[in-house]
Amino acid sequence: MGEKVLIKGVEAIAESAIRAGCRMFFGYPITPQNETPEYMSRRLPQVEGIFLQAESEIAAINMVMGASAAGARVMTTTSSPGFSLMMEGMSYLVGMELPCVVANVVRGGPGLGNIAPAQSDYFQATKGGGHGDYKTIVFGPSTVQELVELTYHSFDLADKYRNPVVLLTDGALGQMMEPVIFPEMRKLNTLPEKPWALTGALNREKNIIMSFEMDPKILENINWELQKKFQKISEDEVKYEEYATDDAEFVIVAYGTIGRIAKSTVKALREENIPVGLIRPISLWPFPYGVITQLVPQVEAFMVVEMSAGQMVEDVRLAVGDRRPVFFYGRPGGMVPSPRDITEKVKQCLSMLLS
Amino acid sequence: MKPVYLRPQSMEDRITHYCPGCHHGIIHRLIGEVIDELGIRGKTIGVAPIGCSVFIYAYFKLDFVVTPHGRAPAAATGIKRSLPSDRIVFTYQGDGDLASIGLAEIIHAANRGENITSIFVNNANYGMTGGQLAPTTLLGQITTTSPYGRKIAVDGYPFHIAELMSNFKGVAYSGRFAVYDPKKIISARKAIKTAFKNQMEGKGFSIVELLSNCPINWRVSVSDSIKFVKENMEAEFPLGVFKGGE
Amino acid sequence: MNYEIIVSGFGGQGVLIFGEILSQGALKENKHTVWFPAYGPEQRGGTANCTIIIGDEEIASPISIDPDIVVALNQPSLDKFEPWLKKGGLLIINKTLTTRKPLRDDIKIIEIDALTLAREAGEERATNIVLLGRLLKEIPLLSVDTVKEVISVIFAHRGEKVIAANIKALNTGWNSGD
Ligand SMILES: Cc1ncc(C[n+]2csc(CCOP(=O)(O)OP(=O)(O)O)c2C)c(N)n1
């Protein structure tokens, strides 16, 4: 432990999951996340785990459902088109209150799109995505180390709340190598007990896991119970990074890959004595509305930067209301803005504010 | 001087993106020749898969649609049923596309006797995504997701599509061919022609499975890849017609 | 400070390995580093390239738009990245595969016949390592011993002979000075 290794994001997800006690992986090939299943296919047999390539993403998420119902720590990874195919299964998983971790290495869309980095699945991940009233916890890491830590943490959160957790990342972070320190290998006998799991009703009442209730009155109550859980998660699991916001009069909000690129912008503008700061949401659901709202009195304007045509900006506008302007700069289709692009946009916005 | 070998008229004058030695190009050409010969260029609609041949639309002077991964037979059904009956609709699919994620769609199209033609390219792995296990990967074959070789206990047995298809009453023709030498190419061409002619005659679903290579992802030379098709793939996947004749 | 380096060439010229050696070396010397490849269709046709950042400051953006160093292994790479270089930056060119002189006069330019030198070192595929040797001489991003250690690990699966040839190529590059 403690030794730093240089590793790609998509491989780091796999190793970190194994460290967290994940021994079951089901997936279907899709670029740019193939290295995750490939790594799992090498590594899992070495730790008495199971890797199985499913015949489709639909099958993969349903295999995850089965393993989770049986009490296993289980994961799948995919990229946008495959994530879409998993939406039915995700809705069921939430309804059945089954824990699992799903990584979506987002690529350019819509449709087949391309394999370049994008953030255009934000709505799909944070607002439910499938049918029914539901939420999944969503994290948007911005360094490989953070990806490692959040992957590890996601398994605990999934079990804690009996709910799927989504890691929303992209090929830029996925294909990049950075030095990381992995957490210790979790001892399997320290994982949480799952008395609800389907293990055979030997000397106990039978367990039934389903997302089905014919009586609307009862289903309504089940839904309110789920909503209470989501409410609790919104209160307890918000994560974000604040950078140079103390005296900031202009605040950029960006997550994931763009979150770190925007940090370079802030550094550059600070060198010119322009009081700019950064809020980098780490949990995308629950979204850190609070910290943004708190900054409103101090800040002249906000700017949201995304690799999409504008999705998270709606959450920022919810937090800000019409009290301050919220500018938006986005590049859809797999384009990645550079720190200089963002710097120029900030300056444009600042001059608009002056005039 | 009289030219003896020309580009089929239904094909674009364009260099393909396929890796050196890959058989997709040969198979494209055979389809082009058959379409020319049957005189159906202006009536034919192609349905592209997701896989290396997702770019097939660029090589033909034909209408084409690129559908979601595995769903080509369903889309082809929609096209075929929306158009006058003289239109010819074919799908071109790889083994991941057809035999894995799209197995339900191909089976139901076949069972409905959908009057379409499917060209199925079996290269024993997922080419586009970098050489992962396919349903058709041979036992013991190493791929990027079967790093210890395909094992029965993990992934079961290689999937036999041509034989499976021959069991459906709606299927007019099902056969398996290869394209690594001139003799094999002539037989494959004949089969593709039959599969298109059946559709013109309203006979129902026809499928031609073509054993193909993938030297880059198999990490072997082109000549070794051909040897692998001949010696290993043919041993698992016998060539021949499993349903329907001329 | 942090150095931003872009290495670019044809796929198969060892551009990604060049970068990985730098990042692995940085890791050994406990520096901050990121290795960021251009991935996807770009790799197939024209150039493969990667960005490496090394230094003692936390790395925010992994994208470099005005690198301190560009290593161009072929002509398309020279065409693409010469204009990106920071003023006063360092441009190292594999003269064997470029057809024109660089255009800028506000940067430091080093041209070496890297392919020929690599052949002389006994490993044609070590063209990249010759260039790496020269880069380290110009700017001591890492100690040469560190880089040699990394080379021994990265090429371990290819045997002692390949390691020795690559170390020789590194020295050849280092000694290729004017
Ligand atoms: C829903 C979905 N999942 C996964 C992919 C990624 N993908 C692209 S092509 C392909 C498989 C290609 O293999 P095959 O069908 O055998 O054709 P080949 O490339 O070998 O010709 C996959 C899995 C996708 N595009 N969409």
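When both bridge partners sit in chain A, DSSP labels roughly 25% of those beta bridges antiparallel.
Within the range A:136-169, find all residues whose amide N lies under 20 Å from a label point positioned 7 Å from the Cα of A:Glu205 along Cα-to-beta-carbon. Counting only backbone N, you get A:162. Based on DSSP H segments of at least four residues, each scored -39500 (n - 2.57), chain A has a per-residue ellipticity at 222 nm of -12500 deg cm²/dmol.
Checked against a 18 Å cut-off, the cross-linked pairs B:Lys193/B:Lys243; A:Lys263/C:Lys28; C:Lys86/C:Lys108; B:Lys80/B:Lys203; A:Lys135/A:Lys187; A:Lys263/C:Lys80 give Cα-Cα distances beyond that limit for A:Lys263/C:Lys28; A:Lys135/A:Lys187; A:Lys263/C:Lys80. Indicate, rounded to the nearest 5 percent, the antiparallel portion of the DSSP beta bridges found entirely in chain C. Once the DSSP bridges in chain C are tallied, antiparallel ones form about 55 percent.
Other residues with beta-carbon under 11 Å from the beta-carbon of B:Gly170 carry, at +1 per Lys or Arg and -1 per Asp or Glu, a net charge of +3.
How would chain C be classified by its alpha-carbon gyration tensor: rounded, prolate or oblate, with rounded meaning a/c under 1.5 and the a/b versus b/c comparison settling the rest? It comes out rounded by the Cα gyration axes. With all protein chains in place and a 1.4 Å probe, the accessible surface of the protein assembly as shown carries 54 percent carbon and sulfur. When both bridge partners sit in the range A:242-354, DSSP labels roughly 15% of those beta bridges antiparallel. If R0 is taken as 25 Å, the Cβ-Cβ distance between A:Gln231 and A:His131 corresponds to a FRET efficiency of 0.75. Can you give the longest stretch of chain C with no exposed loop site, where a site means trypsin sites (Lys or Arg not before Pro) in a DSSP loop (not H, G, I, E or B) with at most 15 other C-beta atoms within 10 Å? In short, C:1-86. Could you identify which residue out of A:Gly111, A:Gly140, A:Gly82 has the top mean-square fluctuation in a GNM of chain A using Cα springs shorter than 10 Å? Maximum among the listed residues: A:Gly111. In chain B, the calculated helix contribution to ellipticity at 222 nm averages -8500 deg cm²/dmol per residue, counting -39,500 (n - 2.57) for every DSSP H run with n ≥ 4. Note on exposure: C:Ile65, A:Ile218 ranked by accessible area (1.4 Å probe, complete protein assembly) read A:Ile218, C:Ile65, with the most exposed listed first.
Computed over chain C with a Gaussian network model linking Cα atoms closer than 10 Å, the most mobile of C:Glu29, C:Glu111, C:Glu124 is C:Glu29. On the principal axes of its alpha-carbon atoms, chain A has extents of 74, 50, 39 Å, going from largest to smallest.
Per the accessible-area calculation with a 1.4 Å probe, the total area buried between chain B and chain A rounds to 1400 Å². Solvent-accessible area lost on pairing A with C (1.4 Å probe, both sides summed) amounts to about 1900 Å². Between beta-carbons, use under 14 Å as the cut-off and find the net charge around B:Pro68, counting Lys and Arg +1, Asp and Glu -1. So the environment of B:Pro68 carries a net charge of -2.
Shape class for the protein assembly as shown: oblate, because the ratio a/c of the largest to smallest gyration tensor axis (alpha-carbon atoms, square roots of eigenvalues) is 1.5 or more and b/c is at least a/b. The residues A:Arg324, B:Arg29, sorted by heavy-atom accessible surface at 1.4 Å with ligands and nucleic acids left out, run A:Arg324, B:Arg29 from largest to smallest. Taking every C-alpha pair closer than 8 Å and separated by at least 6 residues, the mean separation divided by the residue count of the range C:2-175 gives a relative contact order of 21 percent. Is the shape of the range A:242-354 best called rounded, prolate or oblate, per the rule: a/c under 1.5 gives rounded, else a/b larger than b/c gives prolate, else oblate, with a ≥ b ≥ c the square roots of the Cα gyration tensor eigenvalues? In terms of gyration-tensor shape, rounded. For the protein assembly as shown, the per residue solvent-accessible surface stands at 41 Å², with DNA, RNA and ligands left out and a 1.4 Å probe. Counting only heavy atoms of the protein chains and using a 1.4 Å probe, A:Thr31 has close to 30 Å² of accessible surface. For the range A:4-83, GluC sites (Glu not before Pro) meeting the loop criterion (DSSP other than H, G, I, E, B) and having at most 15 other Cβ atoms within 10 Å: A:Glu48. Putting +1 on Lys and Arg Cβ atoms and -1 on Asp and Glu Cβ atoms, find which of B:Ile119, B:Ile192, B:Gly102 reaches farthest to the positive end of the dipole of chain B. Farthest towards the positive pole: B:Ile192.
Over chain C, dividing the summed -39,500 (n - 2.57) contributions of all DSSP H runs of at least 4 residues by the number of residues returns a 222 nm mean residue ellipticity of -11500 deg cm²/dmol.
Axis of helix A:9-19 versus longest Cα principal axis of chain A: the two differ by about 40°, to the nearest ten degrees. Split chain A at each of the chymotrypsin sites (Phe, Trp or Tyr not before Pro) in a DSSP loop with at most 16 other beta carbon atoms within 10 Å, and the longest piece is A:1-195. Based on alpha-carbon centroids, what's the gap between the range A:1-59 and the range B:22-82 in Å, whole number please? Cα centroid to Cα centroid, the span is 35 Å. In a DSSP loop and with at most 16 other Cβ atoms within 10 Å, the chymotrypsin sites (Phe, Trp or Tyr not before Pro) in the range B:61-168 are B:Tyr148. Shown here for the range A:280-344: trypsin sites (Lys or Arg not before Pro) in loop regions (DSSP other than H, G, I, E, B) with at most 13 other Cβ atoms within 10 Å, namely A:Arg323.
Axis angle, to the nearest 10 degrees, between helix A:57-69 and the longest C-alpha principal axis of chain A: 60 degrees.
The values are calculated or read from the model by the stated rules, or taken from the named source; none is laboratory data. Here the structure is a predicted model, which is why all the values come from computation and not from measurement. Ideal geometry is used to build each Cβ from the backbone, glycine not excepted, and the neighbour counts take in all protein chains shown. Protein only, heavy atoms only, side chains kept; ligands, DNA and RNA dropped before computing areas. Shrake-Rupley method; radii C 1.70, N 1.55, O 1.52, S 1.80 Å.
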